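Okay, handing you the structure first.
The values are calculated or read from the model by the stated rules, or taken from the named source; none is laboratory data. All values derive from a computational prediction rather than experimental measurement. Backbone-built Cβ (ideal geometry, glycine too); neighbour counts: all protein chains shown. Surface areas here come from the heavy atoms of the whole protein model, side chains and all, with no ligands, DNA or RNA. Shrake-Rupley method; radii C 1.70, N 1.55, O 1.52, S 1.80 Å.
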Amino acid sequence: KMPEVSEVVTKADIKPKSMHRAKTWSDDVENLYRFQQAGYRDEVEYKQVKQVDEVECWPETGFVKKLQRRDNTFYYYNRQRECEDKDVRKVKVYVY
């Protein structure tokens, strides 16, 4: 069972190497927007903090459906795009 423990420790230590701002909207930017609205850097940080393997997504669009904030409040998101053009440049894209 030791390898499993070391894998978890390695996973928890994942930190981004760099960050840039999104310039155009995409499905990835939409999901990053949702994670950042809920108070997380991205899906990696959400999974580390909440210790979950999967994030609930809309099957039609693949967009994040529901996130739990650090204070345990839930955010629920629509099937359609929520990140407006004016908000795209606020989205931080992390490179690992």
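Mind checking the per residue accessible area of the range 23-95 for me, 1.4 Å probe, whole number of Å²?
63 Å²
Check which residues have an amide H placed less than 5 Å from C57's amide H, if you skip close sequence neighbours.
Those lying under 5 Å, H to H, from C57 are K65.
While we're looking at this one, here's another question. Summing +1 for each Lys or Arg and -1 for each Asp or Glu, what net charge is found among the other residues whose Cβ lies under 13 Å from the Cβ of D27?
The answer is -2.
Take the residue pairs K66/K86; K23/K66; K17/K86; K17/K90; K15/K92; K50/K90 and return only those whose Cα atoms are more than 21 Å apart.
K66/K86; K23/K66; K17/K86; K50/K90
HN-Hα J couplings of the range 20-31 from phi, Karplus 6.51/-1.76/1.60, θ = phi - 60°, integer Hz, Gly and Pro as x?
9, 8, 5, 10, 9, 6, 8, 4, 5, 5, 4, 5
Hey, got the dipole for the range 11-83? About the Cα centre, +1 on K and R Cβ, -1 on D and E Cβ, debye to the nearest 20?
Computed about the Cα centre, the dipole is about 280 debye.
For the chain, build the charge dipole from Cβ charges (+1 Lys, Arg; -1 Asp, Glu) around the Cα centre, then report which of V49, Y76, G39 sits farthest towards its positive end.
The one lying farthest along the dipole's positive direction is G39.
If you roll a 1.4 angstrom probe over the protein chains with everything in place, what fraction of the accessible area of the chain belongs to carbon and sulfur, to the nearest %?
Carbon-and-sulfur percentage of accessible area, whole number: 51.
Right, here's the next one. What is the ratio of the Cα radius of gyration of the chain to 2.2 N^0.38 Å, where N is its residue count, to two decimals?
In units of the globular-protein estimate, the chain measures up at 1.15.
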